[in-house]
Amino acid sequence: MKDQIGRQLNIDTIPKRIISLVPSQTELLVDLGLEDSIVGLTKFCIHPIQLKTTEKVVGGTKQINLDKIKALKPDIILCNKEENTKEIVEACESICITHVSDIFTVEDSLELIKQYGEIFNKEANAIKISNQINANLKDFKAFVKEEPILKVAYFIWRKPWMVAGNNTFINHLLELNKFENVYNNLERYPEIELEKLKLNRGPEIILLSSEPYPFKNEHAIEINNASPHAKTVLVDGEMFSWYGSRLIKAFSYFKMLRQNL
């Protein structure tokens with residue numbers, strides 16, 4: 001098969017020893033029934049928490065311990081184009097088969113789930129997860145259909161201030177929520193000047209993500225001072241940026257968020 005960036009993978013047998021360098025993909029592996037096959041992961045792979053042992057951690061998403069990865073003798077390493085660098089992917093390729101995901105939409109996530117089902121002989125579990133995601137998405141679309149469009153800004157970092165722009169999975173989920181991203185004219189994760197926030201088409205809602213920067217109430221106050229016209233809300237960043245099986249939970253969270261707004 002080809003992975004999600006078009007690289008040909010020649011997989012002759014079902015991989016038994018898996019290293020995952022992406023937290024949301026680690027969670028997906030567990031939900032597919034592959035917990036016992038995961039021999040390596042990152043320090044950010046926090047779900048489920050019992051997986052992250054000293055023996056299994058091989059680094060982060062941007063820096064890895066190649067010697068430790070080699071010592072674990074993986075059959076396959078799972079990466080992501082955004083989370084991991086090109087250099088990391090190339091280094092992993094020198095060790096064993098390396099699959100790279102590339103996620104912008106729910107459809108991309110469903111394709112990844114399907115591919116993992118095929119690679120690891122977990123097709124039935126993959127179909128079950130995908131069906132649940134599709135059912136929850138259909139229900140959420142019906143729920144949000146009559147809701148008004150709200151202008152939002154979604155912050156991911158502080159010092160420098162950074163937001164989610166266009167061509168991101170976060171922006172795709174904002175659109176599904178009928179949130180108009182005031183920064184969708186900018187690509188990826190641009191830096192912005194907080195002082196100019198109120199000039200940027202005036203967001204009605206400012207969403208402060210719990211990750212990668214752990215925004216707290218004091219940061220909401222700081223942003224309110226720069227943009228007093230907008231309502232500032234702390235949101236669960238995993239729901240807006242973790243793909244895979246996390247999407248099963250995401251749409252009920254989005255319902256609750258919209259009701260609270």
Within segment 209-221, tally of residues that are farther than 19 Å from ASN167 by Cα and either touching a residue at least 24 places away in the same chain (Cβ under 8 Å) or not assigned by TED's automatic domain parsing to the domain that holds VAL152 (or both): 4
Residue under evaluation ILE14, criteria (1) buried (at least 18 other Cβ atoms within 10 Å of the Cβ); (2) closer than 27 Å to ILE133 by Cα; (3) β-branched (Val, Ile, Thr), criterion not met: (1)
Residue list for segment 1-22, restricted to those being at pLDDT 95 or above and out of contact with any strand residue (DSSP E or B) (no Cβ under 8 Å at 6 or more places or on another chain): GLY6, THR13, ILE14, LYS16
Close pairs from segment 177-193: first farther than 9 Å from VAL163 by Cβ, partner β-branched (Val, Ile, Thr), Cβ under 7 Å, at least 6 apart: ASN177/VAL144; LYS178/VAL144; LYS178/ILE149; PHE179/VAL152; GLU180/ILE149; GLU180/VAL152; ARG188/THR168
Any hit, segment 35-44, residues being outside any loop (DSSP other than H, G, I, E, B), surrounded by 15 or more Cβ atoms within 10 Å (Cβ to Cβ), among the polar types (S, T, N, Q) and touching a Phe, Trp or Tyr at 6+ places or on another chain (Cβ under 6 Å): no
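State yes or no: is ASN131 more than 17 Å from GLN4 (Cα to Cα), surrounded by 17 or more Cβ atoms within 10 Å (Cβ to Cβ) and under 20 Å from the mean Cα position of the chain (by Cα)?
no
Here's the yes/no breakdown for (1) modelled with pLDDT of 95 or more; (2) closer than 26 Å to GLU35 by Cα; (3) polar (S, T, N, Q); (4) assigned to a loop (DSSP other than H, G, I, E, B):
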{"residue": "LYS128", "(1), (2), (3), (4)": "yes, yes, no, no"}
{"residue": "GLN132", "(1), (2), (3), (4)": "yes, yes, yes, no"}
{"residue": "ALA135", "(1), (2), (3), (4)": "yes, yes, no, no"}
{"residue": "TYR154", "(1), (2), (3), (4)": "yes, no, no, no"}
The lone exception for VAL57 - which of (1) touching a residue at least 24 places away in the same chain (Cβ under 8 Å); (2) in contact with a strand residue (DSSP E or B) (Cβ under 8 Å, 6 or more places away or on another chain); (3) over 25 Å from PHE169 (Cα atoms) it fails: (1)
Given (1) farther than 21 Å from PHE120 by Cα; (2) within 19 Å of the chain's Cα centre (by Cα); (3) assigned to a helix (DSSP H, G or I), index of the condition ASP108 fails: (1)
Test: residue in segment 66-82 that is among the aliphatic types (A, V, I, L, M), in contact with a Leu (Cβ under 7 Å, 6 or more places away or on another chain) and not in a strand (DSSP E or B): no
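The values are calculated or read from the model by the stated rules, or taken from the named source; none is laboratory data. Just so it is clear, the structure is predicted and the values come from calculations on it, not from any experiment. Cβ sites come from the backbone with ideal geometry, for glycine too, and all protein chains shown count toward neighbours.
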